[in-house]
Amino acid sequence: MKKMTVKKAKKICQLAHMGQTRIDGSPYADHPIAVAKMMDTDDEKIVAYLHDVLEDTSLTLKDLHKEGLNLQCSEALFNITHQQGESYKDYLHRVSFSRLSVKVKIADITHNISDTPTPEQVKKYRKGIKILLRSL
């Protein structure tokens, strides 16, 4: 069985987010790439590259398993994917189930906060960081 590599995860990220842009007009894939640069291990980088794929594209965990995604990364991706109708508090609680998902989410928030967030986003991200840091 093939194993997901960091290089493969980056390529999946770039293809999955192709044509998507951030609020500032930059290519969306620049965001997960920036988050991945904050990571240390291969699993952290893989989850960072893929952290928005399930939420913002048509790809599924099943698709990623076919590409060799391992169980630890799969669980972290599930934890870090905000489900429709889920409260932010419940979402953060689920993220906190895995140190891997916590590390990637903290990096995700860190990068998002560098994009001139609204005062509401700053408040939300501050709350999120506090909850996630408590779970470590």
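Since every read-out is calculated from the coordinates, none of them should be taken as a lab result. What you see is a predicted model, and the numbers here were worked out from it, not measured in a lab. Every residue, glycine as well, gets a Cβ built from its backbone with ideal geometry; the counts of neighbours run over all protein chains shown.
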For region 112-131, pairs from a residue that is surrounded by 12 or more Cβ atoms within 10 Å (Cβ to Cβ) to a residue that is assigned to a loop (DSSP other than H, G, I, E, B) and not charged (D, E, K, R), with Cβ under 8 Å and 6 or more apart or across chains, are ASP115/ILE23; TYR125/PRO117; ILE131/SER96
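If you check LEU92, LEU100, LEU71, LEU77, which single one turns out to be under 13 Å from GLY128 (Cβ atoms) and aliphatic (A, V, I, L, M)?
Working: LEU100 fails: under 13 Å from GLY128 (Cβ atoms); LEU71 fails: under 13 Å from GLY128 (Cβ atoms); LEU77 fails: under 13 Å from GLY128 (Cβ atoms).
Step by step, each of LEU92, LEU100, LEU71, LEU77 is checked, and only LEU92 is under 13 Å from GLY128 (Cβ atoms) and aliphatic (A, V, I, L, M).
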Only residues that are under 9 Å from the mean Cα position of the chain (by Cα) and β-branched (Val, Ile, Thr): list them for region 28-75, please. VAL35, VAL47, VAL53
For region 32-100, which fully contained helices (runs of 4 or more DSSP H) count at least 1 residues that are surrounded by fewer than 14 Cβ atoms within 10 Å (Cβ to Cβ)? 53-56, 61-66, 71-80, 88-95
Could you look through region 1-27, keep only residues that are surrounded by 14 or more Cβ atoms within 10 Å (Cβ to Cβ) and part of a helix (DSSP H, G or I), and pick out the one that is farthest from the chain's Cα centre (by Cα)? LYS8
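Can you say whether LYS105 is within 15 Å of THR5 (Cα to Cα), surrounded by 15 or more Cβ atoms within 10 Å (Cβ to Cβ) and under 15 Å from the mean Cα position of the chain (by Cα), as far as the supplied structure shows?
Here the answer is no, as LYS105 does not meet what is asked.
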